[in-house]
Amino acid sequence: MAKLRSLSLPFLLLFVLLPFSRAEIKNLQIRSDTRSSILFEKFGFNHRGTVSIALSEASFPSADPSMLGFFLLSDESLFQAIYESQNNGSPENYPGPNPSCVLNSPYVKLLFTFTDLSAAGTFNKSYPVTHPDEYSLFFASCAPDTTISMNVHTEMFNIDPDGTKNYLSVGQSAVPTIYTVSAIAYFVFLAAWLYLCLIQNRLTAHRIHYLMSGLLLVRSLYLLSAAEDQHYIRVTGLSHGWDVAFYLFQLLKGVLLFAVIVLIGTGWSFLKPFLQDKEKKVLMVVIPLQVVANIASAVIGETGPFIMNYVTWNQIFLFVDVACCCAVLFPIVWSIRTLRETSKTDGKAARNLAKLTLFRQFYMVVIGYLYFTRIIVYALKTIASYKYRWVSVAAEEAVTLAFYLYMFYMFRPVERNQYFVLDEDEEEAAELALREEEFEL
């Protein structure tokens, strides 16, 4: 029972912290690994699910093959096992010659042990999953200090009503459609923005507006590649090269988004033609951090939780993403403080009040957007039933589109922007407002 307890608690920690990965066809290599447990996949099955596992070149010197094996563990069974282990469950309740081994636990669905391998160290079999739930595929070694090497081929899929295989988890089957609809929306958005910038208001467009056009284009291509990537994985289990485009546009999208937020926050090109040294330093910090964050994201997405440093890569991604979110707020704060101080001396109260109002609103909206897409979306992924994981994707895309619409509308190129060109009659009221309110954050 002690062995089960030592395994179960890390399992629970992994389930809570790790993001939910797609379950495509995977070919993995394990070399000289001494871990007691390895998490391969997490997948939501319907009542017509299948798990297929093929092993080759398996070697485990001097180890008892009955102590090594693969099993499935549902979330429901996990919590039952945790509850029993914390209440001093008796080892006598576990059948088999090694009652403390997790492979003998009544809460796991044992697929096979290494006693079923051929003399050449190979194995190939498919297992039906008829009870709908979210399951995790594990390898477990109950032989301490045993070095394992093997090639593992896994396939996890559901059978749709039309008889075709669906390699996406039950809760992610709608994701390709969500990305496709979002991509169409952004392409329409881009067309409208280009008409506004390059045709209708070409003379009043600034460099920041052309950069914003590039952001919309990259965002559209990112969603298109994400939709194709998920579609091919759903149908064939493989991305057919769309994952390369996905990670490329994800990198460009992240860099451009944070750069645009920083540049708008500084007022670059539409309020001033240059950047101060401290503002340039923010850009020089944010852009490399976004590169690191996207490298970590690619490693997480393409390798999966079976690699030894998976948790470390997750921590790197989380830390870097939080650092970027904090860094982009500084230029907005600096602009607000500069405008507040300038308003006391330059005699343009109405204009400065409008600018202060604009930047203060932008500051709050950026905080709300970052909070929702980092905290609320993660909470939705964690607490939502596996059948409704698509809800977090839909919510993130809806909020992101709303944020883009707000940002592009408020900083659009127009001949008489209500925030920068005001009537003289507003001066006296604006001076009074600036005296009464300090615009503290």
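The values are calculated or read from the model by the stated rules, or taken from the named source; none is laboratory data. Everything numeric in this text was worked out from a predicted model, so none of it was measured. Note that we place each Cβ from the backbone using ideal geometry, even for glycine, and neighbour counts take in every protein chain shown. Just so you know, the surface numbers come from the protein's heavy atoms only, side chains and all, with ligands and any DNA or RNA stripped out. Shrake-Rupley method; radii C 1.70, N 1.55, O 1.52, S 1.80 Å.
Summary table
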quantity: Hits in the range 230-267 (condition: over 30 Å from T338 (Cα atoms), hydroxyl-bearing (S, T, Y) and touching a Phe, Trp or Tyr at 6+ places or on another chain (Cβ under 8 Å)); calculated: Y232, T236, S239
quantity: Sole exception among (1) in contact with a helix residue (DSSP H, G or I) (Cβ under 9 Å, 6 or more places away or on another chain); (2) surrounded by 14 or more Cβ atoms within 10 Å (Cβ to Cβ) for K125, by number; calculated: (2)
quantity: Count of the range 128-150 residues which are part of a strand (DSSP E or B) and open to solvent by 30 Å² or more (accessible area, probe 1.4 Å); calculated: 1
quantity: Among residues of the range 379-396, those that are assigned to a helix (DSSP H, G or I) and touching a residue at least 40 places away in the same chain (Cβ under 8 Å), counted; calculated: 8
quantity: The lone exception for E428 - which of (1) buried (at least 17 other Cβ atoms within 10 Å of the Cβ); (2) modelled with pLDDT under 90 it fails; calculated: (1)
quantity: Test: residue in the range 173-184 that is among the small types (G, A, S) and at pLDDT 95 or above; calculated: yes
quantity: Enumeration of residues in the range 30-56 that are open to solvent by 40 Å² or more (accessible area, probe 1.4 Å) and more than 25 Å from F157 (Cα to Cα); calculated: R31, S32, T34, R35, S36
quantity: Residues within the range 190-233 that are buried (at least 19 other Cβ atoms within 10 Å of the Cβ) and polar (S, T, N, Q), tallied; calculated: 3
quantity: Any hit, the range 330-341, residues being surrounded by fewer than 16 Cβ atoms within 10 Å (Cβ to Cβ) and among the aromatic types (F, W, Y); calculated: no
quantity: In the range 105-122, the residues that are free of Cβ contacts under 8 Å to residues at least 12 places away in the same chain and touching a helix residue (DSSP H, G or I) at 6+ places or on another chain (Cβ under 9 Å); calculated: D116
quantity: Positions within the range 152-177 being open to solvent by 30 Å² or more (accessible area, probe 1.4 Å) and touching an Asp or Glu at 6+ places or on another chain (Cβ under 9 Å), in sequence order; calculated: E155, K165, V170, S173
quantity: Any chance I287 is more than 16 Å from C325 (Cα to Cα) and either without any contact (Cβ under 8 Å) to a residue 60 or more places away in the chain or part of a loop (DSSP other than H, G, I, E, B) (or both); calculated: no
quantity: Boolean, A379 is within 21 Å of S213 (Cβ to Cβ) and either open to solvent by 50 Å² or more (accessible area, probe 1.4 Å) or at pLDDT 50 or above (or both); calculated: no
